[in-house]
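The values are calculated or read from the model by the stated rules, or taken from the named source; none is laboratory data. In this text the structure is predicted, and so the values were computed from the model without any measurement. Reconstructed Cβ throughout: ideal geometry from the backbone, glycine too, with neighbour counts over all protein chains shown. Surface accessibility is based on the protein's heavy atoms, side chains included, excluding ligands, DNA and RNA. Shrake-Rupley method; radii C 1.70, N 1.55, O 1.52, S 1.80 Å.
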Amino acid sequence: MDYKTRFLTSDFIIGHGAIRERITRETDYQIDPYIAQASLVYVPEQREFLKEVYRSYGRLAQAAGVPTIMAAPSKKGTEELIRKYNPAMPDVAADCIRMVREVQAEFGDFGRENIYIGGACGCRGDSYKPEESLTEEEAYRYHRYQIERLEAAKPDYIICETLPAVEEAKGLVRILSEYDIPYVVSFVVRPAGCVLDGTPIDEAIKTLDALVPNNPPLYFNINCVHADFIDEALTNCKDHDILRRRMKGVMCNTAKMTPEELDGSPVLITEEPKPYAEKEFLLHTKWGFKVLGGCCGTDERHIGELLRLLVEYHKHN
C-alpha cells in the first residue's frame, strides 16, 4: 500500500520522535554546520547510532501493529550546503534515504508493509527567522537541486519541515507539484494563529492549495511547536473547517516557549511523557490530526505513551 492510500485509510499513523536533538542529548558527536545530522550517515559508528534511534521508534510501531513514518535526515541536503560540506558533492538525499531503508528492511514484513520513508527538506535560512526566508522565485530555483535528488531516491513521500514563511513554501510546492510523489508542508506557528511570517494558518493553506490545484500537498503539518500552542493557534484561526480537512500532521516539542525563546536556547526544556502525550492526543480528538509524532525533547518514551493513548482510543471508537 502506498503512503497516500495508507494516509487516507488509516485512523492514525504514528510518527517518530526527535532525531537531531537526541544526537546532542545522548552523544558527543559533532553535528556538521552545513548538512547537520546527515553527516552521521558517513561515519560508521555514528551511522549505527542514528539507525538505533530510528529503530527505537520502529519497535514501538511494530509492537502495536500500526503504520509509522521515518523521515530521513536529509533536510539540509541543498546544493549550496553539500558543496560547503564536501566539494566532491555526495548524493546526500540518496545516502540518507538508503540508510533509513536499511532500518526498514530490518523489520521484515512489518517494515515493508507499515514503515514509510520520508525525504526531508526545509527552508534555506533559520527555521525560526522568517526574515531569512527566500521569495517564491528564489525558492523555486534554490530548492530544485535537492527536490530532484530526493525524488530520484524514491522515498514514499517528501516533507518540507519547519517552514517559517509562506513565500518560500510557495516555491517548494511549485517544484513538488511537478512530480508524482506525495508531499507534505510543515509550518512553525504562533499561538496567535499564524505562521511565523504573520500569515494566518488557514490562509496559508488556502494560498498553497490554490497555487497548485492539480497536485496540492497531501496534507499540511505543524512541527517544533508545543501542543498547547498549537491548540491555541488553531482556535484563533477563522476557518476551522479547512484546518480540520487539511491540517493533518503534527510533531510537537516539549517546550512551551516561543521560537525566539527556543532559538539558541542553551538548555533543553522537556516534559514528562504522560502529560506530553495527553496534550498531543487532544489534537487528534479535537482537531483530527492523523499523523502524530514528536520533535525536540521527545524520545521513545513520549512516542510510546502517545501511541498507547491512540491505540486504546481506537479500540472503542
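Counting 0.36 nm for each residue step from Glu260 to Arg47 and taking away their Cα separation leaves a gain of 73.5 nm. Taken per residue, the accessible surface of the range 1-140 reaches 43 Å², heavy atoms only and a 1.4 Å probe.
For the range 205-284, a Kirkwood radius taken over Cα pairs fed into Stokes-Einstein (37 °C, viscosity 0.692 mPa s) yields D = 232 µm²/s. Around the amide H of Gly193, modelled in the peptide plane, lies no amide H under 5 Å away from a residue 5 or more places distant or on another chain. By the helix-only formula, in which each DSSP H run with n ≥ 4 contributes -39500 (n - 2.57) and the sum is divided by residues, the chain has a 222 nm mean residue ellipticity of -14500 deg cm²/dmol. FRET efficiency for the pair Glu272 and Ala192, taken as 1/(1 + (r/R0)^6) with r the Cβ-Cβ distance and R0 = 25 Å, rounds to 0.35.
At Thr235 and Glu132, where each label point lies 7 Å from the Cα along Cα→Cβ, what is the point-to-point distance in nanometres? My value for the distance between the label points is 3.2 nm.
For the range 245-317, the calculated P(r) over all alpha carbon pairs, in 10 Å bins from 0 to the bin holding the longest distance, is 19, 49, 26, 6, 1 percent. When restricted to Cα atoms, the range 159-317 yields an Rg and a Dmax of 15.4, 44 Å, respectively. Ligands, DNA and RNA left out, the accessible area of the chain computed with a 1.4 Å probe is 50% carbon and sulfur. Taking label points 7 Å from Cα along the Cα-to-Cβ direction, Leu211 and Arg83 give a separation of 2.4 nm. Between Glu26 and Tyr313, the distance separating the two model label sites (each 7 Å from Cα on the Cα→Cβ line) works out to 2.6 nm. Could you identify which residue out of Gln104, Gln46, Gln146 has the top mean-square fluctuation in a GNM of the chain using Cα springs shorter than 10 Å? Answer for the Gaussian network model of the chain: Gln46. When Rg and the Kirkwood Rh are both derived from Cα coordinates, the Rg/Rh ratio for the range 1-154 amounts to 0.98.
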